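A.B. asks: Quick one: the structure is below, and I'll ask about it shortly.
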């Protein structure tokens with residue numbers, strides 16, 4: 001979806017349409033969850049601090065997140081996906097992989113399916129979607145960003161390697177900012193540069209990820225679409241309008257976060273053995289403290305451990321965010337399946 005949270009807010013608030021808008025935070029605090037395309041013209045993007053965004057464009061509109069509304073629309077979109085295939089792997093509320101090699105509509109062209117899905121999303125929700133089409137997940141994801149907003153792109157099998165050689169390394173799906181900077185220090189600025197390095201070199205520099213980088217620059221990505229992705233953690237957090245200084249303040253503000261995690265536990269039936277406390281300071285440095293138990297903790301034990309982690313060592317800097325989460329969950333981690341590289345006839349309807 002294109003600028004999903006921001007687009008939903010503009011859909012529901014006609015007076016905000018065509019105006020620079022962000023979801024999350026306010027003029028003084030917080031972090032932006034989504035930015036409209038109008039806001040992006042001023043260099044405002046998701047994950048930017050709200051204060052910096054407000055400096056870039058003082059008339060910026062700040063909208064509070066409404067996740068229940070976003071989930072509602074996300075489910076409508078997913079219903080459209082299932083009209084074509086049951087092989088749907090959600091990445092988030094606004095993004096998913098679809099395997100349409102064999103599809104319910106019996107359409108031979110993946111490009112045509114993408115066009116139909118985008119048109120149905122627009123008709124049902126009033127929102128624009130973009131799509132990427134290719135023969136594996138990595139390339140499809142990469143293609144999906146090429147013609148945003150409200151567009152689609154295809155990377156054909158015979159074009160993949162040439163396309164990837166020209167692609168800036170920071171545009172590769174799965175290569176984040178830190179890894180991109182590390183690669184650039186090694187002289188790796190494009191796919192062509194990456195392709196010149198041996199598997200042995202990449203493994204030495206990037207560990208297990210080295211094999212992944214070696215393969216993707218050659219258009220190889222053997223991960224199948226996984227319809228049932230196992231949840232790895234369950235958490236909640238809050239960014240505060242004023243920094244927290246004292247421990248009593250932190251305890252008081254941690255409790256509503258704990259209650260929200262408990263609500264999610266009760267709703268999902270999920271339990272976890274590892275409790276993690278997340279602390280972000282006023283200078284944006286991040287600290288996590290964890291404890292793993294032999295048994296799944298009950299509600300009281302969970303809160304006791306959360307307090308123990310908070311008191312584990314002295315907190316010397318003001319706190320702007322607290323988070324609490326559970327991992328090592330009581331659900332079966334599904335195996336990642338690998339298969340042959342797909343050979344799909346791409347019909348250019």
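The values are calculated or read from the model by the stated rules, or taken from the named source; none is laboratory data. Treat the numbers as computed from the prediction; the structure is a model and nothing was measured. A quick note on method: Cβ atoms are made from the backbone with ideal geometry, for glycine too, and the neighbour counts reach across all protein chains shown.
A.B. asks: I'd like to check something: does the range 4-15 contain any residue that is under 28 Å from residue 282 (Cα atoms) and surrounded by 13 or more Cβ atoms within 10 Å (Cβ to Cβ)? Give the steps one after another, and end with the answer.
C.D. replies: Here is the first cut: in the range 4-15, the ones under 28 Å from residue 282 (Cα atoms) are 5-6.
Still in the list and also surrounded by 13 or more Cβ atoms within 10 Å (Cβ to Cβ): 5-6.
Checking the range 4-15: at least one residue is under 28 Å from residue 282 (Cα atoms) and surrounded by 13 or more Cβ atoms within 10 Å (Cβ to Cβ).
A.B. asks: Filter the range 181-201 down to residues that are in contact with a helix residue (DSSP H, G or I) (Cβ under 6 Å, 6 or more places away or on another chain), part of a helix (DSSP H, G or I) and crowded, with 17+ Cβ neighbours inside 10 Å, then give me how many there are.
C.D. replies: Here the count works out to 2.
A.B. asks: Give the number of residues within the range 202-226 that are assigned to a helix (DSSP H, G or I) and either under 18 Å from residue 165 (Cβ atoms) or not assigned by TED's automatic domain parsing to the domain that holds residue 161 (or both).
C.D. replies: Taking the range 202-226 and keeping what is assigned to a helix (DSSP H, G or I), we get 202-206, 209-216.
Still in the list and also either under 18 Å from residue 165 (Cβ atoms) or not assigned by TED's automatic domain parsing to the domain that holds residue 161 (or both): 202, 212-216.
The number of residues fulfilling the criteria is 6.
A.B. asks: Filtering the range 227-250 down to residues that are at pLDDT 85 or above, in a loop (DSSP other than H, G, I, E, B) and in contact with a strand residue (DSSP E or B) (Cβ under 9 Å, 6 or more places away or on another chain), which residue is nearest to residue 91 (Cα to Cα)? Before the answer, list the steps.
C.D. replies: First, pick out the residues of the range 227-250 that are at pLDDT 85 or above: 227, 234-240, 242-250.
Next, only the ones that are in a loop (DSSP other than H, G, I, E, B) stay: 227, 245-246.
This time we only want the ones that are in contact with a strand residue (DSSP E or B) (Cβ under 9 Å, 6 or more places away or on another chain), so: 227, 245.
Numbers: 227: 10, 245: 37 Å.
Ranking the candidates gives 227 first.
A.B. asks: Right, something else. Could you please find all residues in the range 297-308 being surrounded by 14 or more Cβ atoms within 10 Å (Cβ to Cβ) and either at pLDDT below 90 or in a helix (DSSP H, G or I) (or both)?
C.D. replies: The initial filter retains those residues of the range 297-308 that are surrounded by 14 or more Cβ atoms within 10 Å (Cβ to Cβ), namely 297, 302-303, 305-307.
Residues satisfying the conditions are 302, 303, 305, 306, 307.
A.B. asks: When the range 118-150 is examined, which residues are found to be over 20 Å from the mean Cα position of the chain (by Cα) and surrounded by fewer than 22 Cβ atoms within 10 Å (Cβ to Cβ)? Lay out the reasoning, then the answer.
C.D. replies: Residues of the range 118-150 that are over 20 Å from the mean Cα position of the chain (by Cα), as a first pass: 118-126, 134-135.
Passing the criteria: 118, 119, 120, 121, 122, 123, 124, 125, 126, 135.
A.B. asks: How many residues are touching a residue at least 60 places away in the same chain (Cβ under 8 Å) and part of a loop (DSSP other than H, G, I, E, B) when one looks only at the range 309-323? Break it down into steps so the answer makes sense when it comes.
C.D. replies: First, the residues of the range 309-323 that are touching a residue at least 60 places away in the same chain (Cβ under 8 Å): 310-311, 315, 318-323.
Add one more test, that the residue is part of a loop (DSSP other than H, G, I, E, B), and what stays is 311, 315, 318.
Of the residues in that region, 3 qualify.
A.B. asks: Continuing with this model, one more query. Could you name every one of the strands (runs of 3 or more DSSP E) located completely within the range 20-120 that has at least 1 residues being under 16 Å from residue 140 (Cβ atoms), in contact (Cβ under 8 Å) with a residue 60 or more places away in the chain and touching a strand residue (DSSP E or B) at 6+ places or on another chain (Cβ under 6 Å)?
C.D. replies: Values: elements: 21-23, 61-63, 88-92, 95-98.
Filter on the range 20-120 gives 88-92, 95-98.
A.B. asks: Out of the residues in the range 156-180 that are assigned to a loop (DSSP other than H, G, I, E, B) and touching a residue at least 24 places away in the same chain (Cβ under 8 Å), which is farthest from the chain's Cα centre (by Cα)?
C.D. replies: Narrowing the range 156-180 to residues assigned to a loop (DSSP other than H, G, I, E, B): 156, 167, 172-176.
Subset that is touching a residue at least 24 places away in the same chain (Cβ under 8 Å): 156, 167, 172-175.
Numbers: 156: 26, 167: 21, 172: 15, 173: 11, 174: 11, 175: 13 Å.
In this case the residue turns out to be 156.
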